[in-house]
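The values are calculated or read from the model by the stated rules, or taken from the named source; none is laboratory data. These numbers come from a predicted model, not from an experiment. All Cβ positions, even for glycine, are placed from backbone atoms using ideal geometry, and neighbour counts span all protein chains on display. Note: accessible area is taken over every heavy atom of the protein model, side chains too, but ligands, DNA and RNA are not part of it. Shrake-Rupley method; radii C 1.70, N 1.55, O 1.52, S 1.80 Å.
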Amino acid sequence: MKIRRIENLSELPCVSEVPLGGILSNVGNSAQYRTGSWRTQRPIFKADICTNCLLCWINCPDGSIAVAEGKVTGIDEMHCKGCGICAYVCPTKPTKAMSMEQGGEY
Ligand code: SF4
Ligand code: SF4
């Protein structure tokens, strides 16, 4: 953004010409942005031992557990923040169907 020095107050725009701040002009577009890029850990899903209890899906704060026809199908890598809640709540033993690994990239 270019900053212009104003020498004369009459050059200032009138209040009605100043755009309002804090206005979302294009709502409902969060899915278009890659918000998981700062992830430092990533969830690893093992479909072969998943019981499809959907605890991970219910608890994921980002809605990043992909589900189709009542079954977990994977992770939304574009939006998952790597918080680890899905792995924490996953009940399968002795191996978790959802676990965390270091590193954000798949
Ligand atoms: S790590 Fe966090 S954001 Fe990513 S899928 Fe699991 S619960 Fe959701
Ligand atoms: S919590 Fe674990 S067992 Fe349950 S659906 Fe998620 S990955 Fe599968």
Pairs with Cβ under 6 Å, 6+ apart, first in the stretch 75-95 and within 12 Å of residue 61 (Cβ to Cβ), second open to solvent by 60 Å² or more (accessible area, probe 1.4 Å) and within 9 Å of ligand 2 (Cβ to nearest atom): 85/59; 89/55; 89/59
Just one of 70, 36 is touching a residue at least 12 places away in the same chain (Cβ under 8 Å) and within 15 Å of ligand 1 (Cβ to nearest atom); which is it? 36
